[in-house]
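The structure appears right after this line, and notes come after that.
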Amino acid sequence: MDLCRNTPKQIFVTEKLVLMKYECKGVFDMHCHIMCGVDDGAKNLAQSKKMLEIAYYEGIRHVILTPHYNKRFWDVSREQFNQGYQSILELVENMYPDMTVHMGAEIFYNEETLDELEQKAIPTMNGGKYVLIEFMTSISYRSMKNAIMGIQQRDYIPIIAHVERYESLLKDSSLVGELVELGAYIQVNASTIAGDNGRLAKRMAKTLLKSGWLHFVGTDAHRDNQRAPRIRDAYIYVAKKFGEQIATKLFVDNPQCIIDNIYIEE
């Protein structure tokens, strides 16, 4: 596993300037829209390049590209996905030989999703059993629960994308625990942990961390100038508040399980 070390940086934490050594060990970004021309992420290869530069500076050394899979908004073929993936691979090979890139997708759940999964007609995370699933923010808890069970019945491992966005779960975060008990894995955006998406969302992320209901952190980056692939502040927050072992698990070990196509060790 690769190791990147940044010299001590002055960082602003709870309105106090402190000196803290930040060490990252092969940090993953397992949810991002760096691939260009396929969704509302990077507009072109030049912007993809800028996003990769930011990601590398932030300590990210492994990326799972997760373009939106939503035929209603972006009717993109698997061939277009593959071409986009190859373009990013070539870019990374020239820029950062120590960075690895894998193919995935953020699947928007609808009435066709289960059939597409059963027919293996839908992109998964690194071609394995993990699927990153996005829902309408207004989806009911019952509908989400049924979707998770349906995905599992088809022998896939569901990861709920940016769980802090769903109204039913924000109102009662204990429901997340029920989904975890069912076998769902949970992803939160790094910007939420850093406090950029409001107090309610950050409080929910903190609850998930305390309860052990959080499994992955991704940037959900879409551009270089807004929603950029920033992850360092979230890593520092988790390491400082919950310990480096938890930070390593969320930012390194658990995402590696996606690549290895194995279940997370609890």
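The values are calculated or read from the model by the stated rules, or taken from the named source; none is laboratory data. Just so it is clear, the structure is predicted and the values come from calculations on it, not from any experiment. All Cβ positions, even for glycine, are placed from backbone atoms using ideal geometry, and neighbour counts span all protein chains on display. All accessible areas refer to the heavy atoms of the entire protein, side chains included, with ligands and DNA or RNA removed. Shrake-Rupley method; radii C 1.70, N 1.55, O 1.52, S 1.80 Å.
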Fill in the blank from the handout: By residue number, the members of the stretch 230-252 that are assigned to a helix (DSSP H, G or I), surrounded by fewer than 18 Cβ atoms within 10 Å (Cβ to Cβ) and of a type outside the set (S, T, N, Q) are Lys240, Lys241, Phe242, Glu244, Ile246
Practice task
Taking the residues in the stretch 93-116 that are in contact with a Ser or Thr (Cβ under 8 Å, 6 or more places away or on another chain) and aliphatic (A, V, I, L, M) as candidates, determine which candidate is nearest to His62 (Cα to Cα).
Solution key: Ala105
Exercise for the section: Consider Ser191 carefully, then state whether it is under 24 Å from Ala147 (Cβ atoms), open to solvent by 30 Å² or more (accessible area, probe 1.4 Å) and out of contact with any Phe, Trp or Tyr (no Cβ under 9 Å at 6 or more places or on another chain). Expected result: no
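Does the stretch 169-176 include one or more residues that are over 18 Å from Ala105 (Cα atoms), open to solvent by less than 10 Å² (accessible area, probe 1.4 Å) and assigned to a helix (DSSP H, G or I)?
yes
I'm checking my understanding of the structure. Among residues of the stretch 25-40 that are in a loop (DSSP other than H, G, I, E, B) and buried (at least 24 other Cβ atoms within 10 Å of the Cβ), which one is nearest to the chain's Cα centre (by Cα)? So that I can check it myself, show each step before the final result.
First, the residues of the stretch 25-40 that are in a loop (DSSP other than H, G, I, E, B): 25-26, 33-40.
Adding the requirement that they be buried (at least 24 other Cβ atoms within 10 Å of the Cβ) leaves 33-35.
Numbers: His33: 10, Ile34: 12, Met35: 14 Å.
Here the residue is His33.
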Fill in the blank from the handout: Scanning the stretch 207-220 residue by residue, those of a type outside the set (A, V, I, L, M, F, W, C) and buried (at least 17 other Cβ atoms within 10 Å of the Cβ) turn out to be His215, Gly218, Thr219, Asp220
Fill in the blank from the handout: A careful count of residues in the stretch 206-220 that are in a loop (DSSP other than H, G, I, E, B) and on the phi < 0 side of the Ramachandran plot gives 4
Completion exercise
When the stretch 228-261 is checked residue by residue, the ones that are among the acidic types (Asp, Glu) and closer than 22 Å to Gly128 by Cβ are Asp253, Asp260
Exercise for the section: Test each condition in (1) closer than 19 Å to His62 by Cα; (2) buried (at least 17 other Cβ atoms within 10 Å of the Cβ); (3) among the aliphatic types (A, V, I, L, M) for Ala184 and report the one that comes out false. Expected result: (1)
Fill in the blank from the handout: Expected single match for at positive phi and either open to solvent by less than 20 Å² (accessible area, probe 1.4 Å) or not in a strand (DSSP E or B) (or both) among Arg203, Arg227, Arg223 is Arg227
